[in-house]
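Have a look at the structure below, then the notes.
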Amino acid sequence: MTDEMLELAWRNAAEAGIGNVEFLKGHLEAIPLPDESVDVVISNCVINLSTDKERAIGEAARVLRPGGRFSVTDVVADPDLDEATRGDMQQWTECIAGALTTDEYRSLLESAA
């Protein structure tokens, strides 16, 4: 979502000798791609930072072609995470406050499928 992130992505791809990739600047909640246009969506510890997780997961489902794969790694919250922690900005920046529980993740993924 930033120019610095894009520069790093292109540099890493070049160092790895990978040329069949494309990096786009955008937001997880509004992926700048047409419907059913990609085979794989990889999300590595970013959904917990989204303020609209349902929309973010829905966008991933929207851009996937039929039979495509959605690979997610993320922080998962304990079911008893308290409201004080969820409202603490430092806990947001540490990827704790915005984390979903396993059941919440499963529900959002199933409803997006």
**Prompt:** With every protein chain kept in the model, how would you rank LEU109, LEU6 by accessible area, 1.4 Å probe, largest at the top?
**Reply:** LEU109, LEU6
**Message:** Defining a contact as two alpha carbons under 8 Å apart and six or more residues distant in sequence, what relative contact order in percent does the chain show?
**Reply:** 24 percent
**Prompt:** What relative contact order, as a whole-number percentage, does region 1-61 give when Cα pairs under 8 Å and 6 or more residues apart are counted?
**Reply:** 32 percent
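If you count only protein heavy atoms with a 1.4 Å probe, what accessible area per residue comes out for the chain, rounded to a whole Å²?
Details: 7650 Å² over 113 residues.
Each residue of the chain exposes 68 Å² on average to a 1.4 Å probe.
Suppose only helical runs count, i.e. DSSP H with n ≥ 4. What mean residue ellipticity at 222 nm does that imply for the chain under -39500 (n - 2.57) per run, divided by all residues and rounded to the nearest 500 deg cm²/dmol? Could the numbers behind the result be given before it?
Working: 5 runs with 45 residues, N = 113.
Value at 222 nm, helices only, nearest 500: -11000 deg cm²/dmol.
Listed highest first by mean packing, meaning other Cβ atoms within 10 Å per residue, what order do 53-65, 96-108, 10-22 come in?
Working: 53-65: 18.5, 96-108: 16.4, 10-22: 9.3.
Ranked from most to least packed, the peptides come out as 53-65, 96-108, 10-22.
Leaving out ligands, DNA and RNA, what percent of the accessible area of the chain is carbon and sulfur, probe 1.4 Å? Don't jump to the answer; show the numbers that get you there.
On the way: 4050 of 7650 Å².
That share works out to 53 percent.
The values are calculated or read from the model by the stated rules, or taken from the named source; none is laboratory data. Remember, it's a predicted structure, so these values are computed and weren't measured experimentally. Glycine also receives a Cβ, built like all others from the backbone with ideal geometry; neighbour counts cover every protein chain displayed. Heads up: the accessible areas ignore ligands, DNA and RNA and are worked out on the full protein's heavy atoms, side chains in. Shrake-Rupley method; radii C 1.70, N 1.55, O 1.52, S 1.80 Å.
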